[in-house]
1. Go through the residues of the stretch 105-119 one by one and say whether even a single one is in contact with a strand residue (DSSP E or B) (Cβ under 9 Å, 6 or more places away or on another chain), free of Cβ contacts under 8 Å to residues at least 12 places away in the same chain and open to solvent by less than 40 Å² (accessible area, probe 1.4 Å).
2. Any idea which of E44, E8, E67 is at pLDDT 75 or above, over 20 Å from G103 (Cα atoms), open to solvent by 70 Å² or more (accessible area, probe 1.4 Å) and assigned to a loop (DSSP other than H, G, I, E, B)?
3. Determine which single condition K130 fails, assuming it passes every other condition in (1) at pLDDT 85 or above; (2) touching a Phe, Trp or Tyr at 6+ places or on another chain (Cβ under 9 Å); (3) closer than 30 Å to E8 by Cα.
4. Does D79 satisfy the condition of being assigned to a loop (DSSP other than H, G, I, E, B), closer than 30 Å to Y6 by Cβ and at pLDDT 60 or above?
Amino acid sequence: MPNNPYDEFLKNLARMVEEVIRSMPDGDSARFIGCTIISGNSGELPAPFSISQSCDEELHFEMIETEDRIFITAEIPPDNRSAVYADIKPTRVEIVAGEQRTGIDLDAQVDLIHSFYQVRHGVMDIILKKGPTKAEWQAKF
């Protein structure tokens, strides 16, 4: 499938935003926690139909759900000294930072093979591809 013509534009925009953030003087009062740009492959940007936020003791995250994907963005505490990772399960994601585990229950099944996460500049982005529903699974077999 050909790439969306806006994908290259969005990649360039993300690089420019990163450069602006890197070159901000330390004394400025404005701070960026993270920046995620999500583009669609079909020529249309996904319209979110569910947004939720959580504030555990130390971990803040936002979840946006579309028809075929779930996007979770979490702020990693700056004083964290251990590797942070996402334990992705079929109906739950756990963000593990040292001894702290933050569980996020999902309303949909997840395709584990096509789901992934990355941690960059103190922000974790988790992109989950939804798996087939029970009705879709039964229709195939």
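The values are calculated or read from the model by the stated rules, or taken from the named source; none is laboratory data. Remember, it's a predicted structure, so these values are computed and weren't measured experimentally. FYI the Cβ positions are ideal-geometry reconstructions off the backbone, even for glycines, and counts take in every protein chain you see. With ligands, DNA and RNA removed, areas are computed over all heavy atoms of the protein, side chains included. Shrake-Rupley method; radii C 1.70, N 1.55, O 1.52, S 1.80 Å.
1. No - not one qualifying residue is present in the stretch 105-119.
2. On the way: E44 fails: at pLDDT 75 or above; E8 fails: assigned to a loop (DSSP other than H, G, I, E, B).
One residue alone meets the criteria, E67.
3. Here K130 clears every test but (2).
4. Working: assigned to a loop (DSSP other than H, G, I, E, B): yes; closer than 30 Å to Y6 by Cβ: no; at pLDDT 60 or above: yes.
The answer is no for D79.
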